[in-house]
1. Out of ARG147, ARG99, report the one residue that is open to solvent by 100 Å² or more (accessible area, probe 1.4 Å), modelled with pLDDT of 95 or more and under 15 Å from ASP56 (Cα atoms).
2. Do we have any residue at all in the range 43-66 that's outside any helix (DSSP H, G or I), within 30 Å of ALA141 (Cβ to Cβ) and either hydroxyl-bearing (Ser, Thr, Tyr) or without any contact (Cβ under 8 Å) to a residue 60 or more places away in the chain (or both)?
3. Taking the range 71-95 only, how many residues are open to solvent by 80 Å² or more (accessible area, probe 1.4 Å) and farther than 17 Å from ASP56 by Cα?
4. Which is open to solvent by 60 Å² or more (accessible area, probe 1.4 Å), within 28 Å of VAL109 (Cα to Cα) and out of contact with any helix residue (DSSP H, G or I) (no Cβ under 8 Å at 6 or more places or on another chain), of ASP41, ASP48?
5. Test each condition in (1) within 30 Å of ARG39 (Cβ to Cβ); (2) part of a helix (DSSP H, G or I) for ARG142 and report the one that comes out false.
6. So in the range 106-116, with the set limited to residues that are in contact with an Asp or Glu (Cβ under 8 Å, 6 or more places away or on another chain) and at pLDDT 85 or above, which one is farthest from GLN131 (Cα to Cα)?
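The values are calculated or read from the model by the stated rules, or taken from the named source; none is laboratory data. Not measured: the values here are computed from a predicted model. Note that we place each Cβ from the backbone using ideal geometry, even for glycine, and neighbour counts take in every protein chain shown. These accessible areas exclude ligands, DNA and RNA; they are computed on the full protein's heavy atoms, side chains included. Shrake-Rupley method; radii C 1.70, N 1.55, O 1.52, S 1.80 Å.
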Amino acid sequence: MMTSTLLVPLASALGGGVIGVLMYRHQRRVFAWTRMIRRKDETNAEYDKPAEWLADLYKAQCRLTRKPCAADDFAEISQTGNMIEGIADTTEAVRSELRKVVECVKDYVATALPESGPTAVRIGVQEHRAQLVQAMRQETARGDLVRAVLAAEKRIKDLRRS
């Protein structure tokens, strides 16, 4: 009888100890998971502005697709490119992709066609050909910009997943 009286509290204490250890291990995993999610959220917040600006840049260049543009048409693209250039050095993980985007923005803006005068003056064949060649260069530069923007967006997306 004496042994059964000691076994019940001992078994109960042992069971409580096992449950306590299991709860402790579970809580450690939960806190580790919470810290990991918090770090991931902080890291992802770093990419919010570049991702937003890349989306704005993509929309702006889409509006200019297959449209010969003068320098005034590039105002929004130039401004967004300057914002991306300003933040490129502070976002280490996507620095090279953002620099490539900035380079493509500069190349695209550099292809601006000359402003047309207020009067409708007939232009010569040579000047018309030169403008067509410049417009084709402009469209090629826009395509390069699209590829650079999409590559940077993909890199940010991949970094956010990991």
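1. From the options ARG147, ARG99, the qualifying one is ARG147.
2. Looking through the range 43-66, at least one residue is outside any helix (DSSP H, G or I), within 30 Å of ALA141 (Cβ to Cβ) and either hydroxyl-bearing (Ser, Thr, Tyr) or without any contact (Cβ under 8 Å) to a residue 60 or more places away in the chain (or both).
3. Total satisfying the criteria: 4.
4. Of the residues listed, the single one that is open to solvent by 60 Å² or more (accessible area, probe 1.4 Å), within 28 Å of VAL109 (Cα to Cα) and out of contact with any helix residue (DSSP H, G or I) (no Cβ under 8 Å at 6 or more places or on another chain) is ASP48.
5. Among (1) within 30 Å of ARG39 (Cβ to Cβ); (2) part of a helix (DSSP H, G or I), the lone unmet condition for ARG142 is (1).
6. Going through the qualifying residues, I end up with ASP107.
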